[in-house]
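Let me begin by presenting the structure, written as structure tokens, before commenting on it.
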Amino acid sequence: MSGGPEAAIVVAATWVAAATAGYLTCLFVRAQRAASAVALAVVALGGTAGGVASAGSTHPRPPKGLSLDWATIRHDRSQDAVIVRPGDSLWAITARELRDPSTPLVAARWPGWWRANRVVIGADPNLIHPGQRLRRPEPLPRRH
């Protein structure tokens, strides 16, 4: 091995420095994205972003046509949300909400609850927690 142990130390130190710089860059980018998402949410809800996304801007709302791609807040939240109770499942919530909770109807409807609340529930529709606030999904189209 040419260069001896000093060369090995320099190579190891260079590798550690490069790995650390890459890791810190990833953390910085993730923090910037999170701050931008929070600022957009605050601005979309009619507040100001405290200088995060609105530095130099006097507009209290995002530009028209900007899609935030998440649920909008409705005026009458009591009619739009269901609070998960201990022991609940999406199946049980769906059956409680339907006038005719037959198995085929509940089976067809519960995935709509998951799609409407995927941000709250996450990737596993079987994992819901007491206290979560779930939005009611859009009604199924009526068949004639």
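Side notes on the structure shown:
- Subset of segment 91-112 (residues that are hydroxyl-bearing (Ser, Thr, Tyr), over 17 Å from ALA81 (Cβ atoms) and in a helix (DSSP H, G or I)): THR103
- Residue within segment 113-130 that is at pLDDT below 90 and part of a loop (DSSP other than H, G, I, E, B) present: no
The values are calculated or read from the model by the stated rules, or taken from the named source; none is laboratory data. As the structure is a computational prediction, the values presented were derived from the model and not from experiment. With ideal geometry, Cβ positions are generated from the backbone for all residues, glycine too; neighbour counts draw on all protein chains shown.
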